[in-house]
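Below is one structure, written out as structure tokens; the observations come after it.
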Amino acid sequence: MNLPRRQFLLQGGIGVAGLGFGAGIAKYALGQPQPPGNISRLVTDETQNSINRGFDFLAAPNAQGADGSFGTQQHAGNVAITSLAGLAFLAGGHEPGRNTHGEKVKRAVEFLLSKEDPRTPGYFHNPATPMHGPMYAHGFATLFLAEVHGMIHQPQLRDRLRAGLRRAVDLLIRSQNRQGGWRYSPQPHDADLSVTICQIMALRAARNAGFTVPKTVADRCIEYVRSCQDPNTGGFRYQPNAGPPGFARTAAGLVALFSAGIYEGDDIRRGLDFLLSFKPRGGGGGLGFGLDFGMHYHYGHYYAAQAMWIAGGRHWNEWYPAIRDELLRTQQANGSWGAQQFPCSHYTTAMSLIILQIPNGYLPILHR
């Protein structure tokens, strides 16, 4: 029987005080969890067929590198993309070594563990792969490893993963800056919202897996994220008082607050209202946020779908069918999704698969 995340943690005897992130495990005040029948209707036969085609693309011969990595062209061997591909498989119920694509998940875990920097313990990145901001890679890797943590049944690999994940969490705690955020490298200097969401979500996943994260880390992160919210529109900026509020930034800001334990309040309500104005319509993303926007389209919708799922109620019921139908219309003949400004179909396909499979409820980070 699948228990809601709150009930599972409480029955399992995991206390809140030692783990931080608010006074409750999960309090979805804005909406109610969707009944199972409603969820199953959202993932239509057409949607499942689209998901299967996406998996066929990622599972095609030579799609996954010999070292277990994912990524195409100059992004081959990318830690972040490998982590997202792993999350996409997990979202479909493919656990390491089990089910149709379980072996691919296991190989992705092994690849990521091999990319821990020996000079900076706990730091997951691939210096051979060019990337703007390696802490993105570290955040996604930590998130994936925390999500897969309880699914590893090989003792040696499980012990390696647990030790590496503990070091990754310690590194994230040390690298949070004074404002409460994170930036491109694992030093506590400046911060931005885009990198911060990756780290606080990873910490929430690790905390859900039983790793201790001080409550002060979440409290300081909440302060930083709130400082990025525009008081006039309710949208979120890239940095405090820097640039206009936008779709992807607002989606990231909301999920950051949810990850840190804030589920209700004026900041949440206004952020959701701002985000709803970008609900997908027609062939583009709504209000000028079209598919030609490049990598930020998939990045933004990855967080937007999670924000609406956690908010529940009308937010989710309006949002998911809209983004689902848009993704179904824009899937390519080979089963992939693409974007002009980020030429890596593994990245865009993994993001799309995660979005489409949110109603499955297989990812622990999204358990209600």
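All of the numbers you see were taken from the coordinates with simple rules; none came from a lab. Quantities reported herein were computed from a predicted structural model and do not represent experimental measurements. Backbone-built Cβ (ideal geometry, glycine too); neighbour counts: all protein chains shown.
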Practice task
Please verify whether the range 157-178 includes one or more residues that are basic (Lys, Arg) and not in a helix (DSSP H, G or I).
Solution key: yes
Practice task
Name, by its number, the condition in (1) without any contact (Cβ under 8 Å) to a residue 24 or more places away in the chain; (2) not in a helix (DSSP H, G or I) that does not hold for residue 211.
Solution key: (1)
Problem - Candidate set from the range 95-145 (those that are assigned to a helix (DSSP H, G or I) and polar (S, T, N, Q)); member that is surrounded by the most Cβ atoms within 10 Å (Cβ to Cβ) - result: 142
Handout entry: Subset of the range 311-333 that is assigned to a helix (DSSP H, G or I) and of a type in the set (A, V, I, L, M) - its residue that is surrounded by the most Cβ atoms within 10 Å (Cβ to Cβ)
Key = 311
Practice task
Taking residue 167 as the residue in question, decide whether it is touching a strand residue (DSSP E or B) at 6+ places or on another chain (Cβ under 8 Å) and either more than 29 Å from residue 240 (Cα to Cα) or of a type in the set (A, V, I, L, M) (or both).
Solution key: yes
